[in-house]
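> To start, I am sharing the structure in question, which I have written as structure tokens.
The values are calculated or read from the model by the stated rules, or taken from the named source; none is laboratory data. The structure displayed is predicted, hence computed values, not measured ones. For neighbour counting, all protein chains shown are included, and Cβ atoms are generated from backbone atoms with ideal geometry for every residue, glycine included. Remember, those area values only see protein heavy atoms, side chains included, never the ligands or the DNA or RNA. Shrake-Rupley method; radii C 1.70, N 1.55, O 1.52, S 1.80 Å.
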Amino acid sequence: MQLQILAGTLLLGRQALAVPAPLTTGKSHVPNIDSLGTLQALKYNDLGPQNNGTAAVLVHDRLSSFEAEARCQSIGERLYQAQEISQVNSTELAYQLDYLVHVQDVQPNERLWVSQATHNDCRAFSLEHKKLVSVSCGFQLPALCTSSVPPTTDQDRTAVNSSKISIESDGYRMTGYRDGRSFRFLGIPFADAPVKDLRFAPPRPYSGPRDIDAAKMANSCIQSVSGFGTLDNGGISEDCLYLNVYTPILPAKTTKHSKRKPVAVYLYGGAFTEGTSAMVDYDGGNFASRNDIVVVTLNYRVGALGWLTIGNSTTGNYGIRDQIMALKWVKQHIKAFGGDPDQVTIFGQSAGGQSAIALLSSSAAQGLFSGAIVQSAPVDLPWFTRGVYTDIVTPLISSAVGCNGTTSESTLLSCLRSVPASRYLDNSTEFEAATAASAKALATGWLHSSDLLASIEPILPIVDDTGSGVIDDQFHTLLAEDRLPNRVPVIFTTVADEAALYVDAEVTQSMGSSEVALAEIFSLAYPSSLAKALIASDAFSTNPNATDSVRNVAADALTHSEWTCPQSYLLNLATANTTTNTTLPEKQFPHLYQFSVPQGHIQTTVGTPAICSPNQDKNATCHSSDVLLVWGTLNSKTQNVAPYYGPMDIQHSQLLNDIFASFFRTRNPNPDVEALQLRGPAYRYSYETFGARGYRMPEYRGNEDPVVASLGVVPGVTVNPGRTAKCRVFEQQGFTFQKAELTV
């Protein structure tokens, strides 16, 4: 039941108020959460660009009215003020309080200090009676403080000094701050800097100072500048193994039986060569404020420094090992941030989705997460092997950085550890030539594919061959042999036109609509036998009335060959096999969902072809077009991006954010309709979809399902790609992961 009566009672109940001013932003002492009691940040967040939803801070400690005033001052705020509340703000606050009752964060008969009418006339808001009531000033109640700090955007990431706050966990003191959406702890080290002997080595747990300033982003890992990585997102360094925590609540140690929030840990994409948690695209404040989720984003090593394997002298997979170490940190410390260490979901897009698959495939990650979302992972490509690095990749990269004259493995490793980190940037002439030569050799000596497909991800993690438990085997092998080590609920997603991002970026001019031109582009993209089979099948044919049909059809074919068809094949394997091992769950995925996203919004304008934006030819939903909508961060990102296309863009973002959060919370992507209804207009579109319309995403059962969920602006269904003639061609010809064999 909404608390809209709060508006009238707060507006009419008092006139002149004697209220202490908030602390200045220059205060030097940073309070600890244990001295403040449990604090909860409230923000009515519709994900719109105005960022103007009502914000407040709930103090859970039971205090007298005068103590409540002092407590609000200690966090740079004041008791919530009647004369400053508009009708809209009161209603939005009411929806938030109703939600807190619904999830049992506060009791339905609770009263909250809001302000004083006079020195001896203290007022509280009664949740039970939906009105202001006079209460003895010495009575002990929770309190509602203002929240005057701004929400973070890419143009304003400043930590307001008066909002800084510290927490303690296992002997560490971490000082973060509060913005307009959540509490934020940025740049927390989880491993020592991977330099010197730790370059090309597994991460070592952090052993530095225990008093950590977590008020700004750390440097990103070594990589070239890109729109999907470090552009306008700070510096780069080998000292990059840091994570960020965004939380709606900070529990004091003195709070007994405090409910913990679901945790979502994000793994960025970037073809394993770029990406950073410093991008505002992955700001967790929207998930925290809109959906009550604790979000963790982390850095992991990319490029040669993340994956290059040197014979038998190194383990390889340093980036995946970084992710596992970060998950161990989450397991150990996330309670201090209000998170539930037993309800952790990993999720990632593109190479981040592949990383989630790597973790699902790693027995070394068992017990570190209980759910996963795999977004737009190009699952046609198999993991490398140690031999692939030894025979193909490592010699070429070593030569590019100046280590081509070594006489032994140990000497090579010493050289590779000694050269400046800048030599590993992949935009130098030498490195680009080595990458091109490596892709060509991978195509002929490992993948048995085209140079184009081999160049999609020229450097990848490896299958474990030492018993480390980091990527136990190829994903398709684990599924086929019923050996997947981490059996948790999973969602797999794709967008409609994944490959259009790449096709139109490489083929910059229209090729018309002729079948001859299509055959030409297929011959470049695929091995000869597959190219001929595609033309003969007529599954992918041009439209003579479309001016740019060849590029569009080529993008459709590559979307199917690298994303949707191999994914359907793999999920069919997973649903077809159930274990006879009584020590494992019967299903490899206890709950499995699959959906596509037919509409989206480009993540960046830098290097993104016009086909990916609204245009006269085809409004392609390109690879990464779901990212900003899922995170809701079009309300934070203003540089190198197109603004919201319109109100339906905002509704689509609300819908996807609520779906992901529902899975984080319940392992079911269909949100709680009752919760959506009581939360008011910011959740109305999701409520209309799942409540009034009764839309539901069923669990995926493999190819026996004729359709799969399609999460457009208006959700519906689309044909199951695994049952189509398009996928049939690729299945008959064999996927790349089935053909991979080292033949050098």
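> Would you mention how many residues in the range 459-480 are outside any helix (DSSP H, G or I) and free of Cβ contacts under 8 Å to residues at least 40 places away in the same chain? Reasoning before the result, please.
Step one: list which residues in the range 459-480 are outside any helix (DSSP H, G or I), which gives 459-474.
Restricting the remaining residues to those that are free of Cβ contacts under 8 Å to residues at least 40 places away in the same chain gives 467.
Number satisfying all stated conditions: 1.
> Any idea which of Thr146, Thr158, Thr175 is under 30 Å from Asn640 (Cα atoms) and of a type in the set (Val, Ile, Thr)? Steps first, answer last, please.
Details: Thr146 fails: under 30 Å from Asn640 (Cα atoms); Thr175 fails: under 30 Å from Asn640 (Cα atoms).
Only one candidate qualifies: Thr158.
> What number of residues in the range 329-363 are aliphatic (A, V, I, L, M), within 19 Å of Ile249 (Cα to Cα) and open to solvent by less than 10 Å² (accessible area, probe 1.4 Å)?
3
> Restricting attention to the range 333-353, report how many residues are within 16 Å of Ser370 (Cβ to Cβ) and among the polar types (S, T, N, Q).
Qualifying residue count, the range 333-353: 2.
> Open to solvent by 10 Å² or more (accessible area, probe 1.4 Å), assigned to a loop (DSSP other than H, G, I, E, B) and at pLDDT below 95, is that true of Ala539?
Working: open to solvent by 10 Å² or more (accessible area, probe 1.4 Å): yes; assigned to a loop (DSSP other than H, G, I, E, B): yes; at pLDDT below 95: yes.
Yes.
> Tally the residues that are open to solvent by 20 Å² or more (accessible area, probe 1.4 Å) and outside any loop (DSSP other than H, G, I, E, B), restricting the search to the range 387-412. Can you show your working first?
First pass over the range 387-412, keeping only residues open to solvent by 20 Å² or more (accessible area, probe 1.4 Å): 387, 390-391, 395-396, 399, 402, 404-412.
If we keep only those that are outside any loop (DSSP other than H, G, I, E, B) as well, we get 387, 390-391, 395-396, 399, 409-412.
Qualifying residue count, the range 387-412: 10.
> Could you count how many residues in the range 236-269 are surrounded by 21 or more Cβ atoms within 10 Å (Cβ to Cβ) and part of a loop (DSSP other than H, G, I, E, B)?
Within the range 236-269, residues that are surrounded by 21 or more Cβ atoms within 10 Å (Cβ to Cβ) and part of a loop (DSSP other than H, G, I, E, B) number 6.
> Between a residue in the range 96-113 that is within 14 Å of Leu676 (Cα to Cα) and any residue that is open to solvent by less than 30 Å² (accessible area, probe 1.4 Å) and in a helix (DSSP H, G or I), which pairs come within a Cβ distance under 8 Å, given they are 6 or more apart or on different chains?
Between residues of the range 96-113 that are within 14 Å of Leu676 (Cα to Cα) and residues that are open to solvent by less than 30 Å² (accessible area, probe 1.4 Å) and in a helix (DSSP H, G or I), the close pairs are Leu97/Leu6; Asp98/Leu678; Tyr99/Ala675; Tyr99/Leu678; His102/Ala675; His102/Leu678; Val103/Ala675.
> While we're looking at this one, here's another question. I want to confirm something. Restricting to the range 44-66 and keeping residues that are buried (at least 24 other Cβ atoms within 10 Å of the Cβ) and out of contact with any Phe, Trp or Tyr (no Cβ under 7 Å at 6 or more places or on another chain), which single residue is nearest to Met648 (Cα to Cα)?
Among residues in the range 44-66 that are buried (at least 24 other Cβ atoms within 10 Å of the Cβ) and out of contact with any Phe, Trp or Tyr (no Cβ under 7 Å at 6 or more places or on another chain), the one nearest to Met648 (Cα to Cα) is Leu47.
> Give the residues of the range 630-644 that are in a loop (DSSP other than H, G, I, E, B) and either modelled with pLDDT of 90 or more or aliphatic (A, V, I, L, M) (or both), sorted by residue number.
Let us first name the residues in the range 630-644 that are in a loop (DSSP other than H, G, I, E, B), namely 632, 636-644.
Those that are in a loop (DSSP other than H, G, I, E, B) and either modelled with pLDDT of 90 or more or aliphatic (A, V, I, L, M) (or both): Gly632, Ser636, Lys637, Thr638, Gln639, Asn640, Val641, Ala642.
> Separate question: The conditions are (1) within 21 Å of Asn635 (Cβ to Cβ); (2) at pLDDT 95 or above; (3) open to solvent by 10 Å² or more (accessible area, probe 1.4 Å), and Asn233 fails exactly one of them. Which is it?
With respect to (1) within 21 Å of Asn635 (Cβ to Cβ); (2) at pLDDT 95 or above; (3) open to solvent by 10 Å² or more (accessible area, probe 1.4 Å), Asn233 is out only on (2).
> Could I ask something else about it? Just to be sure, is Lys164 within 18 Å of Ser74 (Cα to Cα), open to solvent by 30 Å² or more (accessible area, probe 1.4 Å) and either among the aliphatic types (A, V, I, L, M) or in contact (Cβ under 8 Å) with a residue 24 or more places away in the chain (or both)?
yes
> Search the range 697-737 for residues being among the polar types (S, T, N, Q) and buried (at least 16 other Cβ atoms within 10 Å of the Cβ), and hand back the single one that is nearest to Leu656 (Cα to Cα). If you could, list the steps in order and put the result at the bottom.
As a first pass, look at the range 697-737 and keep what is among the polar types (S, T, N, Q): 703, 710, 718, 720, 724, 732-733, 736.
Still in the running and buried (at least 16 other Cβ atoms within 10 Å of the Cβ): 703, 710, 720, 733, 736.
Values: Asn703: 25, Ser710: 11, Asn720: 20, Gln733: 35, Thr736: 31 Å.
Checking each candidate, the answer is Ser710.
> Hey, among Arg417, Arg386, which residue is charged (D, E, K, R) and closer than 30 Å to Phe492 by Cβ?
Numbers: Arg417 fails: closer than 30 Å to Phe492 by Cβ.
Exactly one residue qualifies, and that residue is Arg386.
> Just checking, which of Ala505, Ala554, Ala546, Ala533 is outside the structural domain of Gly227 (by the TED database), out of contact with any Lys or Arg (no Cβ under 6 Å at 6 or more places or on another chain) and either of a type outside the set (A, V, I, L, M) or open to solvent by less than 20 Å² (accessible area, probe 1.4 Å) (or both)?
After ruling out the rest, the residue left standing is Ala554.
> Any idea which of (1) assigned to a helix (DSSP H, G or I); (2) touching a strand residue (DSSP E or B) at 6+ places or on another chain (Cβ under 9 Å); (3) open to solvent by 10 Å² or more (accessible area, probe 1.4 Å) is the one Phe664 doesn't satisfy?
(3)
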